[in-house]
């Protein structure tokens, strides 16, 4: 299929929006949305709690960014929390016009997100024209990946687009690669969203995403892992493989990642179980804090978690399948020297004829010189 602004390609994944290049500028224009998948409300609330986007704090003077708003699955709860924070601060609602910014390329989805915003504001008694003013201020029908320069954010929260590189026209892929150096190999588009979010953060700011977790272990995520370990702190990785995090079934293995712009500290590695959905998000978030994990020795059927005090360096893969095994591995590495210091480790003779050396005869005597 030709790479043109009118190309429409079917894709699969968590969020499916195909981006094609404009003939006039590097800003890309959207085409038809192919099956956007929405994050469940309890997952949204959990992610907001884990990120610290709480009405108990001053959200009015912070900037929260939602890089791929869709129909407003994250935007709605974020607005509710922002308005509650504004009320607690005793501030007029007009002070919140620069507190929130949600991006959406697809015009129809952006229109629905604005409708959700206006409905929430109207239900809370906000009068026109402030309803329209805030909706226009908070929602941008633009490409997040080309609009972050100069805008520092305290929170970047959401479910970034998950689009395989082979499903993006070559011209578009080259534009993204040139803008985001971590997008190497056969990287998915969400790698660029991670990089854009991290570079946008203020000191102490947080990137909180639910996204496919393959980048943590495979080759195309190496540059992103290197960027994160060079300047940021991985606070939490919560595997969501065994729960229904989305309204529709998806062909990815998602995880919640909480990454903060500060020196690396302890990391909680956890995996959710089918029982996790029954736990109130605020309580669940509290049980995933490092201090709670250190003090609690109780086993919970709803969550498996461990604290890792020393995170990985450079571009090394992050083997986060089993929290307990990872915790044990890091403890052994901290306690004992590498095996190579006192022994030679090899793979043996590679002859391609294992039958000469391998036997099931227990009575065969080993011959040594």
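The values are calculated or read from the model by the stated rules, or taken from the named source; none is laboratory data. Note that this is a predicted model, so its numbers are computed, not measured. Neighbour counts run over all protein chains shown; Cβ positions are idealised from the backbone, glycine included.
Scanning the range 133-148 for residues that are more than 20 Å from residue 202 (Cβ to Cβ) and assigned to a strand (DSSP E or B) yields a single hit, 139. Pull up the range 112-138, narrow it to residues that are within 25 Å of the chain's Cα centre (by Cα) and farther than 21 Å from residue 58 by Cα, then point me to the one that is surrounded by the most Cβ atoms within 10 Å (Cβ to Cβ). Checked the range 112-138; the qualifying residue surrounded by the most Cβ atoms within 10 Å (Cβ to Cβ) is 113. With a requirement of 1 or more residues that are closer than 30 Å to residue 182 by Cβ and either in contact with a helix residue (DSSP H, G or I) (Cβ under 8 Å, 6 or more places away or on another chain) or modelled with pLDDT of 75 or more (or both), the helices (runs of 4 or more DSSP H) lying completely within the range 266-363 that satisfy it span 281-287, 290-295.
Condition test on residue 260, is it under 14 Å from the mean Cα position of the chain (by Cα) and surrounded by fewer than 19 Cβ atoms within 10 Å (Cβ to Cβ)? Criteria not met by residue 260. Restricted to the range 75-111, and to residues there that are surrounded by 18 or more Cβ atoms within 10 Å (Cβ to Cβ) and assigned to a loop (DSSP other than H, G, I, E, B), the residue that is nearest to the chain's Cα centre (by Cα) is 104.
Residues that are out of contact with any strand residue (DSSP E or B) (no Cβ under 7 Å at 6 or more places or on another chain) and crowded, with 22+ Cβ neighbours inside 10 Å were ranked within the range 196-215; the one that is nearest to residue 102 (Cα to Cα) is 196.
Residue-by-condition table, conditions (1) modelled with pLDDT of 95 or more; (2) more than 16 Å from residue 162 (Cβ to Cβ); (3) more than 24 Å from the chain's Cα centre (by Cα); (4) part of a loop (DSSP other than H, G, I, E, B):
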| residue | (1), (2), (3), (4) |
| --- | --- |
| 10 | no, no, no, yes |
| 20 | no, yes, no, no |
| 42 | no, yes, no, no |
| 45 | yes, yes, no, no |
| 48 | yes, yes, no, no |
| 53 | yes, yes, no, yes |
| 65 | yes, yes, no, no |
| 73 | no, no, no, yes |
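Inspect all residues belonging to the range 243-252 and state whether any of them is more than 19 Å from residue 161 (Cβ to Cβ), modelled with pLDDT of 95 or more and either out of contact with any strand residue (DSSP E or B) (no Cβ under 6 Å at 6 or more places or on another chain) or surrounded by fewer than 22 Cβ atoms within 10 Å (Cβ to Cβ) (or both). Taking every residue of the range 243-252 in turn, none turns out to be more than 19 Å from residue 161 (Cβ to Cβ), modelled with pLDDT of 95 or more and either out of contact with any strand residue (DSSP E or B) (no Cβ under 6 Å at 6 or more places or on another chain) or surrounded by fewer than 22 Cβ atoms within 10 Å (Cβ to Cβ) (or both). I'd like the full set of residues that are surrounded by fewer than 20 Cβ atoms within 10 Å (Cβ to Cβ), outside any helix (DSSP H, G or I) and under 21 Å from the mean Cα position of the chain (by Cα), limited to the range 149-167. Of everything in the range 149-167, those that are surrounded by fewer than 20 Cβ atoms within 10 Å (Cβ to Cβ), outside any helix (DSSP H, G or I) and under 21 Å from the mean Cα position of the chain (by Cα) turn out to be 149, 151, 152, 164.
Just the residues that are under 12 Å from residue 259 (Cα atoms) and touching a residue at least 60 places away in the same chain (Cβ under 8 Å), please, taken from the range 210-228. Answer for the range 210-228, where residues must be under 12 Å from residue 259 (Cα atoms) and touching a residue at least 60 places away in the same chain (Cβ under 8 Å): 210, 225.
Taken as a whole, the structure leaves residue 59 outside the set of residues that are at pLDDT 95 or above, crowded, with 22+ Cβ neighbours inside 10 Å and either within 16 Å of the chain's Cα centre (by Cα) or on the phi > 0 side of the Ramachandran plot (or both).
Of the residues in the range 118-132, not one is farther than 11 Å from residue 101 by Cβ, part of a helix (DSSP H, G or I), in contact (Cβ under 8 Å) with a residue 24 or more places away in the chain and in contact with a strand residue (DSSP E or B) (Cβ under 8 Å, 6 or more places away or on another chain).
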